[in-house]
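Notes follow once the structure below has been shown.
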């Protein structure tokens, strides 16, 4: 007899959820323990595992359906020897219900309970429901005062929140949640926790950045390597070069870092790569993407073939690209692509940090501030200017040894800047 | 002896007591009701119900008198006072019998006699002693007697004698213009008596909204009733077949002679002889003090209804009985009464009904208010009924939209008020009232319009 797979209660408070994704299609066979679907509640996304084995005979609730009540049949599992023809009578409640266990690892502590049985009867106790029961008057007073109804215990019939409950919320509790009204912009809104906010629409750059960074952090196995670089030689070289410039150019530390990165990639191309399932692509040029913060979001203009360019050329190009980046006037090919990224927060005094790999690239170098500090050199304490850089890499294409070796090359160029000019 | 041991004993079988007993029985408690007179109490036997029967007679009489306004002709219209009273008594008897049946059906033991607390968990009735874990005092209240105005059963009546007149008084004095006084005044006026009402306050039905008091006064005066406000009756000279009242109007005494006098100057709680003396039960101005769940200061002793104080209304008593029993039974979802949500109804002609704060009380409480008014004159059904006089007034808190009070005068308003009571109990705001569809043609449409008017949106006025 076909088995009904029902919407599981993934937490004691869950009454409904969104069927976010089917991981099995109709006709696919499932084993006990297979993840068959992803369910979203307002708290988390969770995987649903099958207990019984069989073939997904019919998907009843399609992907993306919201507010699916707990215990509703979401799919039908066919057992050995059964065919789709057997499904006809399944929707009738006669079919046994397949136990479905949920992977609650991603869930909050609230859901940590062994019994997430979908057969749990729908309780009539409002305490156990996500829906907040409150009188219209209580809702309005709460909204006016910026009180989060979910923090209040109702004293009315069936635990409903009534006026008295809202009025009993201490004044200081409200004050901390929402300072005096009137100081907010007209378009300010209040969220379910009573927190006032304004909406800042996401532009396309932000949406794309968010999506790509999420994908990267979720899908790319990151690891991080940090080294300290002594900057004193670089700083004196920079000073010397800038003094000779007669105002025609002004090299920044960042220009040196771009050049050093490009040279390190040239001399050690194993880090100048992208992961692809069938092959690692090793690039033949050092196309350096440099993260630039703009009012519209983060964008990474590219210094192409930076290994072939002089510091002055890099400096000029960087200034020009960054200027247009801030104005939102970059052409797609000026910021799409690149083989390696640099993100420099040194100018903000950040000592060190780890950046997120910018796919399909494998490496991003996070550059901290150069700081003077005492260092022991050959048994003597010396004042040195030290900069910490952290290389984040995609472990699939750049492993620890490769990353470390690249950093050695980079460090060598930074600490001996003349070598990169040769 | 086991038939003398109960979970709950209720002293008093009025609308508080018998309802509590039935609810207790539903919750599987072994329960007894002790009643000294009639099951159903004053309400059913000498109050709410028989007066409604009398007022119905007077209403029909009034309509018949005005039959021509409806295109009808009635010749030789007269009433038979004895039959009117008999009908009223019959209604009371029928319902009292109904209570006895309900109690029996629910296996509630009814004990005839006067119940008295006799030590912890004990109640004495005559020579018998009964025991119960929980004892509920539901002994009600009786008419207040002011010195000099003592009822004598013949010329000076309380509600009880006023309900069973043998002859129709020609000239009647009603002292007190609360619900009881004004209902009798209305009944006797409609039946042809020359009625004078004396009220101590500066307006009649003083618990109502001042605007409603004024409208009622105008309507009654138009019917020919005499109303003397800011006055009290200081003395009654009882003659052979008449009574001369000394009416003190702001210090100036005026003598007037009447056939009969009805004293309706309030009520006092029946706390005497109940055996409270040896308990920790506290009294406040004659009424038993309880918490929100009707528990007195004496463990195991509870009090409900009129004996606990205002408002002295049957529906308040019944509701308190339910709260009390459910709390005793350990039901979790029990909530103390919200007194602002108790409606009050007066069945004079025109009727008066209200719930919540009056306009003055709302202002005094510091609310910034929005007031809606809708007159019967603007309502199709009212015109069709030939009842174009009346008003529905609503008072909202401007800040929150809470319905603070609703006040009505006019035909059938006692049946309308519950709509606002539900709304108020459910804590609806003006928005929900506005979004509610009211059926057409009904008087209830005025309830909608009144809310709309409070926000400047009334359609038909």
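Some notes on this structure:
- Count - residues of region B:51-69 that are assigned to a helix (DSSP H, G or I), in contact (Cβ under 8 Å) with a residue 60 or more places away in the chain and closer than 17 Å to residue B:386 by Cα: 5
- Qualifying residue in region A:254-267 (condition: more than 20 Å from residue A:394 (Cβ to Cβ) and assigned to a loop (DSSP other than H, G, I, E, B)): no
- Condition check for residue A:246 on (1) assigned to a helix (DSSP H, G or I); (2) free of Cβ contacts under 8 Å to residues at least 40 places away in the same chain: one failure, at (1).
- Residue that is farthest from the chain's Cα centre (by Cα) [pool: residues in region A:402-418 that are at pLDDT below 95 and either exposed (fewer than 15 other Cβ atoms within 10 Å of the Cβ) or part of a loop (DSSP other than H, G, I, E, B) (or both)]: A:418
- For region B:336-357, a tally of residues being within 18 Å of residue B:395 (Cβ to Cβ), assigned to a loop (DSSP other than H, G, I, E, B) and touching a helix residue (DSSP H, G or I) at 6+ places or on another chain (Cβ under 7 Å) returns 3.
- Qualifying residue in region B:123-131 (condition: more than 24 Å from residue B:312 (Cβ to Cβ) and part of a loop (DSSP other than H, G, I, E, B)): yes
- Boolean, residue B:374 is buried (at least 23 other Cβ atoms within 10 Å of the Cβ), within 13 Å of chain A (Cβ to nearest Cβ) and touching a residue at least 12 places away in the same chain (Cβ under 8 Å): no
- Candidates are the residues of region B:302-335 that are away from chain A (no Cβ under 14 Å) and assigned to a loop (DSSP other than H, G, I, E, B); the one that is surrounded by the fewest Cβ atoms within 10 Å (Cβ to Cβ) is B:330.
- Hits in region B:408-437 (condition: surrounded by 15 or more Cβ atoms within 10 Å (Cβ to Cβ), away from chain A (no Cβ under 14 Å) and without any contact (Cβ under 8 Å) to a residue 60 or more places away in the chain): B:419
- Test for residue B:95: is it closer than 26 Å to residue B:228 by Cβ and outside any loop (DSSP other than H, G, I, E, B): no
- Screening region A:1-82 for strands (runs of 3 or more DSSP E) wholly inside it with 3 or more residues that are more than 27 Å from the chain's Cα centre (by Cα) returns the ranges A:3-6, A:54-59, A:73-78.
Condition check ((1) under 30 Å from residue B:191 (Cβ atoms); (2) in contact with a helix residue (DSSP H, G or I) (Cβ under 7 Å, 6 or more places away or on another chain); (3) modelled with pLDDT of 95 or more) across all residues:
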| residue | (1), (2), (3) |
| --- | --- |
| B:2 | no, no, no |
| B:37 | yes, no, no |
| B:52 | yes, no, yes |
| B:55 | yes, yes, yes |
| B:61 | yes, yes, yes |
| B:64 | yes, no, yes |
| B:81 | yes, no, yes |
| B:86 | yes, no, yes |
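- Among the numbered conditions (1) over 24 Å from residue B:210 (Cα atoms); (2) within 14 Å of chain A (Cβ to nearest Cβ); (3) not in a helix (DSSP H, G or I), the only one that residue B:403 does not meet is (1).
- Filtered residue count, region A:130-144, keeping only those that are surrounded by fewer than 19 Cβ atoms within 10 Å (Cβ to Cβ), within 13 Å of chain B (Cβ to nearest Cβ) and in contact (Cβ under 8 Å) with a residue 40 or more places away in the chain: 1
- Checking A:47, A:31 one by one, the residue that is surrounded by fewer than 22 Cβ atoms within 10 Å (Cβ to Cβ) and at pLDDT below 80 is A:47 and no other.
- Test set (1) assigned to a loop (DSSP other than H, G, I, E, B); (2) in contact (Cβ under 8 Å) with a residue 60 or more places away in the chain; (3) more than 24 Å from the chain's Cα centre (by Cα) - residue B:367 fails condition number: (2)
- Being more than 17 Å from residue B:168 (Cβ to Cβ) and out of contact with any strand residue (DSSP E or B) (no Cβ under 6 Å at 6 or more places or on another chain) holds for only one residue in B:95, B:55, and it is B:95.
- Scan of region B:377-399 for residues that are touching a strand residue (DSSP E or B) at 6+ places or on another chain (Cβ under 7 Å) and either within 14 Å of chain A (Cβ to nearest Cβ) or within 27 Å of residue B:72 (Cα to Cα) (or both), ordered by number: B:390, B:396, B:397, B:398
- The residues in region A:108-144 that are modelled with pLDDT under 85 and not in a loop (DSSP other than H, G, I, E, B) can be counted, and the count is 6.
- For region B:257-267, the tally of residues that are over 26 Å from the mean Cα position of the chain (by Cα) and under 16 Å from residue B:176 (Cβ atoms) stands at 1.
- Filtered by the rule that a residue be surrounded by 24 or more Cβ atoms within 10 Å (Cβ to Cβ) and more than 12 Å from residue A:391 (Cα to Cα), region A:339-357 gives a lone residue, A:339.
- Of all residues in region B:265-280, those being in a loop (DSSP other than H, G, I, E, B), closer than 23 Å to residue B:36 by Cβ and in contact (Cβ under 8 Å) with a residue 24 or more places away in the chain number 9.
- Residue selected from region A:151-168 under the condition in a helix (DSSP H, G or I) and within 19 Å of residue B:401 (Cβ to Cβ), by the criterion nearest to the chain's Cα centre (by Cα): A:166
- Reported count of residues in region A:146-163, each being over 17 Å from residue B:422 (Cα atoms) and at the interface with chain B (Cβ under 10 Å from one of its Cβ atoms), is 2.
The values are calculated or read from the model by the stated rules, or taken from the named source; none is laboratory data. Everything quoted here is computed from the prediction, not taken from an experiment. In this analysis, Cβ positions are derived from the backbone assuming ideal geometry, glycine residues included, and neighbour counts consider all displayed protein chains.
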